[in-house]
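> Got a structure for you, questions after.
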2 protein chains.
Amino acid sequence: MITDSLIKFVPFSHDELNDILSHFEKECVQKNQVLIKEGQVCNKLYFVEQGIGRSYYLKKDGKEVTQWFFGVDNFMSSADSFFHQSPSFYYLEILEDSVLYSITKEKMDILLAKYHKMEKLIRLLSIEMFTKIVHKLNAVQFQTAKERYDYMLAEFPDISNRVPLGHIASYLGMTQETLSRIRNNVSS
Amino acid sequence: MITDSLIKFVPFSHDELNDILSHFEKECVQKNQVLIKEGQVCNKLYFVEQGIGRSYYLKKDGKEVTQWFFGVDNFMSSADSFFHQSPSFYYLEILEDSVLYSITKEKMDILLAKYHKMEKLIRLLSIEMFTKIVHKLNAVQFQTAKERYDYMLAEFPDISNRVPLGHIASYLGMTQETLSRIRNNVSS
DNA sequence: GTCTTCTTTTGACCTATATCAAAAAATGAA
DNA sequence: TTCATTTTTTGATATAGGTCAAAAGAAGAC
């Protein structure tokens, strides 16, 4: 639930929570829908109430590279694009029929200006995103393909078996052939 | 200068700036000094007024892996350890005689509670760190060794020739032999 | 200035994973 | 159910960059 996730970071009062939540909108989104395309400005921050999303970008050769997965109870956005209101480098896509809560950048700015605690929330959220991406970086940079897959299973236990193998392979920086072999314990 | 860097993010008043700066301490640190070791809680956030620092960690085989370089006008810390006051995964080391401004976590918390704008500053700083690490991740994950070195030259133009080659190689996820060959344009 | 230590370069060889190609399996539409 | 499409698996081969070893060069200590 979104309220629980908010309270987990900052102890908002009941009234504050109500005010904050009133700035969000519920959106039901179907599988395979693309929320943001490369080049567009991402004007919303989403909270995944139900379902799975991912961000990805296209390499020059046209291949998709998954950048991140967003599972239940996580905020989802093209962070840089949202906060700087700059063209997104990434696509945002929904991988299963999902229920999202979204807030626009304008409304977020209102909340950030109104509540000191809201700034704190987003600060803590940003630091958490940072920590997670550092974790991935360390996995991707210095581990074998097998170890990277183990990292994936630990970071996204509930997602690893619900999305196409190719998405996971590109997320981990390997080909899908390699990931397929890993899953089936084939040495070469 | 630290004041310019602060104002660049958030428009602090003169009085606010004075108050904030009074919470920092100037530290002159000599080359090769280690500010934080793995396992210690990083209690300070540093601003590099002059010099260069880096963060690194040790792999199980004992090899050092440079995680980040901190040049002039940048904040330096073991971010996760500082903000969560948890044991640092990284070492922080000074690579040239440097002038730093430091603030303790306690004093930072005072400022964060006192000034809404301070929360905003750290939020923006966190998002910037996030953006930079994502940039590195994309470089490391999908580019050739040569392209990764080009990324390094772009991200740290003033640093690339002042630190040992081995530090840069591990930062980029390659061996120093490979980086040496790249610098000398040897194909194999 | 000489010696020691640390850093960088060069060479030979090896391996993890990529690439290419095609078969097999799963999914979804009609 | 059948056909078309997408996803996954399997096999054969190639290669970027790793490993190991040693020489060359640079930097500090005395």
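> Taking A:ARG162, is it in a loop (DSSP other than H, G, I, E, B), within 12 Å of DNA strand C (Cβ to nearest atom), more than 14 Å from the chain's Cα centre (by Cα) and more than 12 Å from chain B (Cβ to nearest Cβ)?
Working: in a loop (DSSP other than H, G, I, E, B): yes; within 12 Å of DNA strand C (Cβ to nearest atom): yes; more than 14 Å from the chain's Cα centre (by Cα): yes; more than 12 Å from chain B (Cβ to nearest Cβ): yes.
Here the answer is yes, as A:ARG162 does meet what is asked.
> Scan (1) within 16 Å of DNA strand C (Cβ to nearest atom); (2) within 22 Å of B:TYR56 (Cα to Cα); (3) surrounded by 15 or more Cβ atoms within 10 Å (Cβ to Cβ) for the single condition A:THR144 breaks and write down its number.
The single condition A:THR144 does not satisfy is (3).
> Considering only the stretch B:117-135, how many residues are more than 16 Å from the chain's Cα centre (by Cα), within 7 Å of another protein chain (Cβ to nearest Cβ) and touching a residue at least 12 places away in the same chain (Cβ under 8 Å)? Please lay out each step first, then the result.
Of all residues in the stretch B:117-135, those more than 16 Å from the chain's Cα centre (by Cα) come to B:117-121, B:123.
Filter once more, keeping what is within 7 Å of another protein chain (Cβ to nearest Cβ): B:119-120, B:123.
Next, only the ones that are touching a residue at least 12 places away in the same chain (Cβ under 8 Å) stay: B:120.
Residues that pass the stated criteria total 1.
> Hey, among the residues in the stretch A:136-159 that are part of a loop (DSSP other than H, G, I, E, B) and over 22 Å from the mean Cα position of the chain (by Cα), which one's farthest from the other protein chains (Cβ to nearest Cβ)?
Residue satisfying both the conditions and the ranking: A:THR144.
> In this structure, is A:SER126 assigned to a strand (DSSP E or B) and among the polar types (S, T, N, Q)? Walk me through it before giving the result.
Numbers: assigned to a strand (DSSP E or B): no; among the polar types (S, T, N, Q): yes.
Judged against the criteria, A:SER126 is not a match.
> Please go through the stretch A:93-116 and give me each residue that is of a type outside the set (D, E, K, R) and either within 14 Å of chain B (Cβ to nearest Cβ) or more than 16 Å from A:VAL72 (Cβ to Cβ) (or both), ordered by number. Spell out the reasoning first.
Quick first cut of the stretch A:93-116, residues of a type outside the set (D, E, K, R) only: A:94-95, A:98-104, A:108, A:110-113, A:115-116.
Passing the criteria: A:ILE103, A:THR104, A:MET108, A:ILE110, A:LEU111, A:LEU112, A:ALA113, A:TYR115, A:HIS116.
> Looking at the stretch B:89-101, can you tell me whether even one residue there is within 15 Å of DNA strand C (Cβ to nearest atom), assigned to a helix (DSSP H, G or I), out of contact with any Pro (no Cβ under 6 Å at 6 or more places or on another chain) and within 28 Å of B:GLU38 (Cβ to Cβ)? Break it down into steps so the answer makes sense when it comes.
Let us first name the residues in the stretch B:89-101 that are within 15 Å of DNA strand C (Cβ to nearest atom), namely B:91, B:93-96.
With the extra rule that they be assigned to a helix (DSSP H, G or I), the set shrinks to none.
Checked against the condition, which is being within 15 Å of DNA strand C (Cβ to nearest atom), assigned to a helix (DSSP H, G or I), out of contact with any Pro (no Cβ under 6 Å at 6 or more places or on another chain) and within 28 Å of B:GLU38 (Cβ to Cβ), the stretch B:89-101 yields no hits at all.
> So, one more: Out of B:ILE133, B:ILE110, report the one residue that is away from DNA strand C (no atom under 16 Å from the Cβ), surrounded by fewer than 18 Cβ atoms within 10 Å (Cβ to Cβ), part of a helix (DSSP H, G or I) and at pLDDT 95 or above.
Working: B:ILE133 fails: surrounded by fewer than 18 Cβ atoms within 10 Å (Cβ to Cβ).
Result of the check over B:ILE133, B:ILE110: B:ILE110.
The values are calculated or read from the model by the stated rules, or taken from the named source; none is laboratory data. Remember, predicted model here, so these are calculated numbers, not experimental data. A quick note on method: Cβ atoms are made from the backbone with ideal geometry, for glycine too, and the neighbour counts reach across all protein chains shown.
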